[in-house]
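All of the numbers you see were taken from the coordinates with simple rules; none came from a lab. Quick caveat, the model's predicted, so the values are computed rather than measured. Cβ sites come from the backbone with ideal geometry, for glycine too, and all protein chains shown count toward neighbours.
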Amino acid sequence: MLRDKIFVIALIYVLFLTILIYMNLSVVPNEASADQFSGKHPALLRLEDVGPGEEYTSQENLDKLIVLADYLQQEGIPFEVSLIPRMVVPGRNYDVAITDNTEYAQKFVSTIKSLEERGGIIGVHGYTHQSGNSNSVSGYEFYSSAKNPDVPNTYAYAKERAEKAIALFDQAGIYPAYWETPHYSASPQQLLAFQEQIGLIYENNYYYPEAWKSNNVVNQHREYYCGLDVVPAPLGHLNSPERLAAMLAVLDDPAKSGTLASLYIHPTYEFQFIKKVQQKNGEVQYIYDKNSLLHQLVKELKKRDYAFVSIYSLVGFVPAQRAENIQFDPRDEIFVGQFVPHASGKTLLIWNKRTNQWRMSQYTASWYAPRDTNAFQDLGVWLKDLTLEKGTIPLAGYFKNKDREDLLLFNAASGNLILAVNNGNKFVPYHLKWQALNQLQTVRPLAGDLNHDGLTDLFLYDKEHGRIGSAINQGGFFTDITWQGFNLLKAKNLKLAAGDFNGDGNSELFVMDHDTKQSKMLAGRKASRFSLAAETWNNPFYFKPDSQLFAADINGDGKDDLLVHGSDGFWQSYISDGSKFVADRPFGPWGPRNEDALAADINGDHRSDLIMIDHNTGYSNLNTAISVSGR
């Protein structure tokens, strides 16, 4: 009886601490729609407790793991693998890490990389998945008052082990995609240590009850990071025909509609269905029984119109590093561009109006984990003490160089331009006069390539006269403007974005009329004329006038997509397939509302990432979320 009372008191205390720790966050369920996945309901499959030991010490079982992955690949099924990077069995003095310089460890890592080649996404499943004298896999690694009370119930203990685990991944050349806590067991302060390392958590998280049914973005503002994705596995562990029947019953129950079909299985359970056969010629062949539990699962989910997707497809973006070493003023403006020649990604140009300096900063992290606060390198001041007229608009583009972007400072009222030419480590300003502007004070410039020559040209939106102009770059200067009127441009409340939406190398112009809630596309310039694009581009979608609109290639397919940052903190993507936009699921809420935001490829993987300036934390700081769409 005394023990029961102590347990109840301890449970109440833990729940009280949980409320205190998480009271300053918002969790909004993101139920994945079938439309996002070609009319299918999404399902996720995780291979659990894979590590360099136990059942995986034999070559035969490593071969069977590849056979299982081959089957999933043949079925078009992406999958996740929860990897334990160091396996420990104290009773047998067994201690093997994936970085060991042994033949076995190298074979094991080679197997893991073979899983990646077959569609596997590898996550961090603790450091050793044990503590004390317990064995990896069965043992508990982090604090549990009931199961593991002897380990320190501290943030420092969890942080050290999480850092060691990710370091092993890095040394072995494996990207850590997500974190899964061993046995889903850790205290609230230890959970913070995991989130500080990786912004994607794949588990039934006991401290976010809303995240049990579907995946969510936890819009949490902490000292070293902003936000995290939480993806659950609500269907649980597939380890028997009875469990399969229970899972299907959940999916068939209308009262549980919206439950994410996410589950995990131990590959070793399936190994009994994979038979090794020695052929007469000595060749070894593996036969995978089509009646295995995994085969049955795949068959049943397909019958129910489910499609297996990757965790990357589900979340779209992963909250990543915060730039603690960049100091911002609330009046600062930030621009992104390929300013550094041959750099892997685009760099940030920060215009500090108080000091009148333009300072460059480069993202140097190789991955979104760990969430190192020193992920940006200061490249110094590239431009300073430049006096600008009121109403000057800065644009980044290939105005003079084709291998690095320059800076164009545009003033329509005066017709004055300043072309700041990029010489590789600073901007050299040249003052130009553009007579063709003729004091068109309502003209707004948009950068784009109108003739596929690698130089940045200009769209000129004349709001007063309801027309669009095109100005071709003549190698660092502009001459005539070709004007063309369109009725749709006469509306008073328009939002425009220029981008190569169909992938032909020329820029198009997307126009949203917020009064009529209609959108149109102006096709690329031909014979000095624009034309309305095919009706397929005019999908009936709408976003609020106070939203921010970006043209950005989110999935790395070479075509610009539309990205809308709403005042509610959500980021909505509309993916271009070359002939139309398809709405993706929203990401968020992430970051404070109505804050400065940008979209650009900062890590060099040809996918546009999210950049957000948070002015609500006492001082301004920069947060990132890395695109994993299309990986």
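Please check which bits of the stretch 484-498 a label hung off Leu532 would reach, taking the label as a point 7 Å along Cα-to-C-beta and the cut-off as backbone N under 19 Å. So the set is 484-497.
Normalised by 2.2 N^0.38 Å, where N counts its residues, the alpha-carbon radius of gyration of the stretch 228-275 equals 1.35. The C-alpha atoms of the chain define a longest principal axis, and helix 241-252 lies at about 30 degrees to it. Estimated translational diffusion coefficient (Stokes-Einstein, Kirkwood radius over Cα pairs, 20 °C, 1.002 mPa s) of the chain: 80 µm² per second. Compared with the dominant Cα axis of the chain, that is its longest principal axis, helix 103-117 is turned about 50°. Values of log10 I(q)/I(0) for the stretch 386-521 across q = 0.13 Å⁻¹ run -0.56, by the Debye formula with one identical scatterer at each alpha carbon and no solvent. The relative contact order of the stretch 2-314 comes to 22 percent, based on Cα pairs under 8 Å that sit 6 or more residues apart.
Can you tell me what share of the DSSP beta bridges in the chain is antiparallel? A percent to the nearest 5 is fine.
Antiparallel bridges: around 85 percent, rounded to the nearest 5.
Among the trypsin sites (Lys or Arg not before Pro) in the stretch 462-508, those located in a DSSP loop and surrounded by at most 13 other Cβ atoms within 10 Å of their own Cβ are Lys492.
Put the Cα centre of the stretch 475-506 next to the Cα centre of the stretch 147-223 and the gap is 47 Å. Normalised radius of gyration (Cα atoms, divided by 2.2 N^0.38 Å) for the stretch 2-314: 1.02. The alpha carbon centroids of the stretch 254-322 and the stretch 405-432 are separated by 55 Å.
Report ³J(HN,Hα) in whole Hz for each residue of the stretch 148-164, in order, from the Karplus equation J = 6.51 cos²θ - 1.76 cosθ + 1.60 where θ = phi - 60°; Gly and Pro get x. Residue by residue, the stretch 148-164 yields 8, x, 8, 7, x, 8, 9, 5, 4, 4, 5, 4, 4, 6, 5, 5, 5 Hz.
Between Ile393 and Asn374, the modelled labels are 4.1 nm apart [label points 7 Å from Cα along Cα→Cβ]. Looking at the chain, which longest stretch skips every one of the GluC sites (Glu not before Pro) that is in a DSSP loop with at most 11 other Cβ atoms within 10 Å, leaving the sites themselves out? The answer is 1-222.
Using 26 Å as the Cα-Cα cut-off, could you pick out the over-long pairs in Lys353/Lys433; Lys40/Lys580; Lys107/Lys275; Lys107/Lys290; Lys256/Lys580; Lys346/Lys559? With Cα atoms farther than 26 Å apart: Lys107/Lys290; Lys256/Lys580.
The label-point distance for Lys299 and Thr154, in a model that sets each label 7 Å from Cα toward Cβ, rounds to 5.4 nm.
The angle separating the long axis of helix 59-74 from the principal Cα axis of greatest extent in the chain is about 40 degrees. Of the chymotrypsin sites (Phe, Trp or Tyr not before Pro) found in the stretch 340-422, no site is in coil according to DSSP while having at most 10 other Cβ atoms within 10 Å of its Cβ. Restricting to DSSP H runs of at least four residues, report the calculated mean residue ellipticity at 222 nm for the chain, -39500 (n - 2.57) per run over all residues, nearest 500 deg cm²/dmol. When only DSSP H runs of four or more count, the value is -5500 deg cm²/dmol. Counting other Cβ atoms within 10 Å, keep those with at most 11, restrict to DSSP loop, and tell me which chymotrypsin sites (Phe, Trp or Tyr not before Pro) in the stretch 539-630 are left. When the chymotrypsin sites (Phe, Trp or Tyr not before Pro) of the stretch 539-630 are filtered for loop state and at most 11 Cβ neighbours within 10 Å, Tyr619 remain.
Using the Karplus relation 6.51 cos²θ - 1.76 cosθ + 1.60 with θ = phi - 60°, the per-residue 3J(HN,Hα) values for the stretch 342-347 come to 6, 6, 6, x, 6, 10 Hz, with x marking Gly and Pro. For Lys147, a cut-off of 30 angstrom between C-alpha atoms picks up these lysines, skipping any fewer than 8 places away in its own chain: Lys5, Lys159, Lys164, Lys213. In the chain, taking the dipole from charged Cβ atoms about the Cα centre, the farthest positive-side position among Phe477, Val315, Leu192 is held by Phe477. Checking the cross-link filter: which lysines have an alpha carbon closer than 17 Å to that of Lys517, excluding same-chain neighbours under 8 positions apart? Straight-distance partners of Lys517: Lys490, Lys492, Lys495, Lys544.
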